[in-house]
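Take a look at the structure below.
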C-alpha cells in the first residue's frame, strides 16, 4: 500500500516538470517561427524591385487613388501618405508594394 502511494506522489511531482518541458518546447518553437517570418520580411523588402505603372485615378481632395501596374495590368490602391511626389491621372510612376488592410497598396510613389 505504501509503495502505491509513493509512486502516485512521485508521478504527481513529475507531471509539472513534463508540462514545463512541453511549454518551453512550444515557446521556443513559436519564437523560431516568428524569427523566420521576420527574416523573410526583411529579405523580401531588401530585394523588392520598384514597379512601373500609370496613375489610373487619383482624387487629391480625398487623398487616394489607383495605380495600374505596367507589367501585369493589376490595379493597386494608393493613399496620399504613400506619395513622394505629387501625382495626377495618367502620370507615369514607380512604386513599391506593401500589404495593407484590404490587399496590396502602392507606397513610395515617385514620378518617372
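No lab work stands behind these numbers, since they all come straight from the coordinates. Since the model is a prediction, treat every value here as computed from it, not as a measurement. Glycine gets a Cβ as well: all are built from the backbone with ideal geometry, and neighbour counts include every protein chain shown.
For the stretch 51-111, the spread of Cα positions along the three principal axes, ordered from largest to smallest, is 27, 25, 16 Å. Applying 1/(1 + (r/R0)^6) with R0 = 22 Å to the Cβ-Cβ distance of residue 81 and residue 41 gives a FRET efficiency near 0.60.
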